[in-house]
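One structure is given here, and the rest of the page talks about it.
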Amino acid sequence: MDHWIAIAAAKDCPPGTAIERIAGSRVVALFNVDGMFYALDGVCPHQGGPLGKGRLSGATVTCPWHGWQFDVSSGQHQLSKSCVQESFPVRVEQDQVWVNLGGGPPQG
């Protein structure tokens, strides 16, 4: 079931940047890669670092705590094929960025 939540204004995350937001009970890392938005679970699986506060280079985010790197478009860890960070569908409507966390009632 869809569970879309507005998490930011598009202007809050300009191209080449990452931000961290709380959506429901989840920490979400939002990324803007050349005008395309992507969202991942914001908690790094290594030791809980804040991916939304990481450095974005192209479509790769580097966790600020220990340097783990993920492709923001897929959640794929850059060195381990078995490590994939959870990603969320994203849409932009009327300058609002929405993420679909699934599994709950629609909110706005």
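The values are calculated or read from the model by the stated rules, or taken from the named source; none is laboratory data. Remember, it's a predicted structure, so these values are computed and weren't measured experimentally. With ideal geometry, Cβ positions are generated from the backbone for all residues, glycine too; neighbour counts draw on all protein chains shown. For accessibility, only protein heavy atoms count, side chains too; no ligands or nucleic acids. Shrake-Rupley method; radii C 1.70, N 1.55, O 1.52, S 1.80 Å.
Whether any residue in region 23-39 is at pLDDT below 95, under 24 Å from Asp95 (Cβ atoms) and not charged (D, E, K, R) is what I want to check. Yes, region 23-39 has at least one match.
Scanning region 50-108 for residues that are surrounded by 17 or more Cβ atoms within 10 Å (Cβ to Cβ), in contact with a Gly (Cβ under 7 Å, 6 or more places away or on another chain) and modelled with pLDDT of 95 or more returns Leu51, Gly52, Leu56, Val61, Thr62, Cys63, Gln85, Ser87.
For region 22-49, name all the residues that are assigned to a strand (DSSP E or B), open to solvent by 20 Å² or more (accessible area, probe 1.4 Å) and in contact (Cβ under 8 Å) with a residue 40 or more places away in the chain.
To start, the set of residues in region 22-49 that are assigned to a strand (DSSP E or B) comprises 22-23, 26-33, 36-41, 43.
Cutting the leftovers down to open to solvent by 20 Å² or more (accessible area, probe 1.4 Å) gives us 22, 26-27, 33, 36-38, 41, 43.
Within region 22-49, Arg26, Val33, Phe37, Tyr38, Asp41 meet the criteria.
When region 8-21 is examined, which residues are found to be in a strand (DSSP E or B) and open to solvent by 20 Å² or more (accessible area, probe 1.4 Å)?
Here is the first cut: in region 8-21, the residues in a strand (DSSP E or B) are 8-9, 18-21.
Result: Ala18, Ile19, Glu20, Arg21.
Filtered by the rule that a residue be in a loop (DSSP other than H, G, I, E, B) and in contact with a helix residue (DSSP H, G or I) (Cβ under 8 Å, 6 or more places away or on another chain), region 50-100 gives Cys63, Pro64, Gln85, Asp95. For His66, the conditions (1) more than 14 Å from the chain's Cα centre (by Cα); (2) free of Cβ contacts under 8 Å to residues at least 12 places away in the same chain all hold with the exception of (2).
All but one of (1) more than 17 Å from Cys83 (Cα to Cα); (2) assigned to a loop (DSSP other than H, G, I, E, B); (3) within 14 Å of the chain's Cα centre (by Cα) hold for Met1; which doesn't? Among (1) more than 17 Å from Cys83 (Cα to Cα); (2) assigned to a loop (DSSP other than H, G, I, E, B); (3) within 14 Å of the chain's Cα centre (by Cα), Met1 violates only (3).
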